[in-house]
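FYI, it's all coordinate maths here, none of it is from the lab. Predicted model only: the values in this text are computed from it and were never measured. Backbone-built Cβ (ideal geometry, glycine too); neighbour counts: all protein chains shown.
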Amino acid sequence: MTGASRGIGAATAVALAEEGFDIAAVALPDAGRMADLGGIVTAAGRRFTPYALDLARLDAHGRVIEEIVREFGGIDCLVNNAGVSVARRGDLLEVPIESYDRCFDVNTRGTFFWTQAVARHMAAAARPGAHRSIVFVTSSNAVAATVERGEYCMSKTALSMAARLFAIRMARHGVGVYEVQPGLILTEMTEPSKARYDALIADGRLLEPRWGRPEDVARTIRTMAAGLLPYTAGQEVRVDGGLLLTRF
């Protein structure tokens, strides 16, 4: 899985280990967090190997994936969790090119080509009896526009479409593809905006009036990876406390 070192990624790695998966943890270099996460996963009786990678570096994808396949013998579940936010919130008319490019390089371009490479391995290696899956972690902003971080919204909307496209392409190989749309999840990425969202929660914007936890998202991903959503294909599942539920 990508973006494994913290937040939703770390919680998902633990949840999948509890489900019986060995963990290939891909993230930017972060030896301390990876060591802590590895201790938890191995304590659950599963194998854990960290891989340092900036997902925007497409030239490194092949090497890392080959290492993972060699180490674990194959890939049964890919969780696309890596993502970056905007350099700073601000006027849509002043979005820096660098921030736009970084959002798309990681959230969209990097994740698309990483998934393409993993999907090729899945397509070439049948695993009879195993439920195989690809899970895209997008965002409520794949649906709801936040004009102060337009480049992030656009990158996640594109990623949502990628989930549907891979669902169609990988169905013939018996690979289930899903999308998870987290809402207000308290992580390091959302911490800078905590006061703003605290006010929205207090104002009744959520049906369940609390911040979401990484473990909430991880439980949904675990359900998908375990094959407990039969006869579903490409659907998005919102883990947002009712944030996007239409009300009048």
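What residues qualify as long-range amide H neighbours of PHE48, i.e. H under 5 Å apart, gap of 5 or more or another chain, H built at 1.01 Å from N? Close amide H contacts, sequence-distant or interchain: ILE23. The value obtained for segment 100-151, namely the Cα convex hull volume divided by the number of residues, is 72 Å³ per residue. Search the structure for amide H atoms under 5 Å from the amide H of VAL237, placed 1.01 Å from N in the peptide plane, and list their residues when 5 or more places away or on another chain. The answer is GLU179, VAL180, GLN181. Helix 7-19 axis versus longest C-alpha principal axis of the chain: approximately 40°, rounded to the nearest ten.
Cβ-to-Cβ counts within 10 Å put LEU200, LEU229, LEU245 in ascending order as LEU245, LEU200, LEU229, the fewest first. Placing a label point 7 Å from the Cα of LEU207 along the Cα-to-Cβ direction, the residues of segment 116-156 whose backbone N falls under 20 Å of that point are 139-145. At an R0 of 41 angstrom, the distance between the Cβ atoms of ALA171 and ARG57 translates into a FRET efficiency of 0.85.
Taking the Cα centre of segment 142-248 as origin, work out the dipole magnitude from +1 charges on Lys and Arg Cβ and -1 charges on Asp and Glu Cβ, in debye rounded to 20. Intermediate results must be reported in sequence, preceding the final value.
On the way: 14 positive and 12 negative charges, 72 e Å.
With Lys and Arg at +1 and Asp and Glu at -1, about 340 debye.
For segment 205-225, the residues whose amide N sits under 18 Å from a probe point set 7 Å from the Cα of GLN235 along the beta carbon direction are 217-225. Backbone geometry of segment 170-178 corresponds, through the Karplus equation with coefficients 6.51, -1.76 and 1.60 at θ = phi - 60°, to 3J(HN,Hα) couplings of 8, 4, 5, 9, x, 9, x, 10, 9 Hz, x marking Gly and Pro. Model label points for ASP101 and THR223, set 7 angstrom from Cα along the Cα-to-Cβ axis, are 4.1 nm apart. Derived scalar couplings between HN and Hα for segment 155-165 equal 5, 6, 5, 5, 5, 4, 5, 4, 4, 5, 5 Hz in order, rounded to whole Hz, by the Karplus curve 6.51 cos²θ - 1.76 cosθ + 1.60 (θ = phi - 60°), x for Gly and Pro.
Over the chain, all Cα pairs binned in 5 Å intervals from 0 give whole-percent P(r) values of 1, 6, 14, 18, 21, 18, 12, 7, 3, 1, 0, listed from short to long.
Taking ALA124, ALA60, ALA162 as the candidate residues, the one with maximal mean-square fluctuation in a Gaussian network model of the chain, Cα springs under 10 Å, is ALA124. Computed across segment 112-248, the Kirkwood radius stands at 16.2 Å (inverse of mean 1/r, all Cα pairs).
Taking the C-alpha atoms only, the angle from helix 111-124 to the longest principal axis of the chain is near 30 degrees. Residue separation of ALA195 and ARG47 scaled by 0.36 nm, minus their Cα-Cα distance, works out to 49.4 nm of gained length. Computed from label points 7 Å out along Cα-Cβ, the spacing between GLU148 and THR246 is 2.7 nm. Pick from GLU148, GLU236, GLU215 the residue whose mean-square fluctuation is largest in a GNM of the chain, springs joining Cα atoms under 10 Å. Per the Cα network of the chain with a 10 Å cutoff, GLU148 tops the list. Relative to the longest principal axis of the C-alpha atoms of the chain, give the angle of the C-alpha long axis of helix 214-225, reported between 0 and 90° and rounded to the nearest 10°. Once rounded, one gets 40 degrees.
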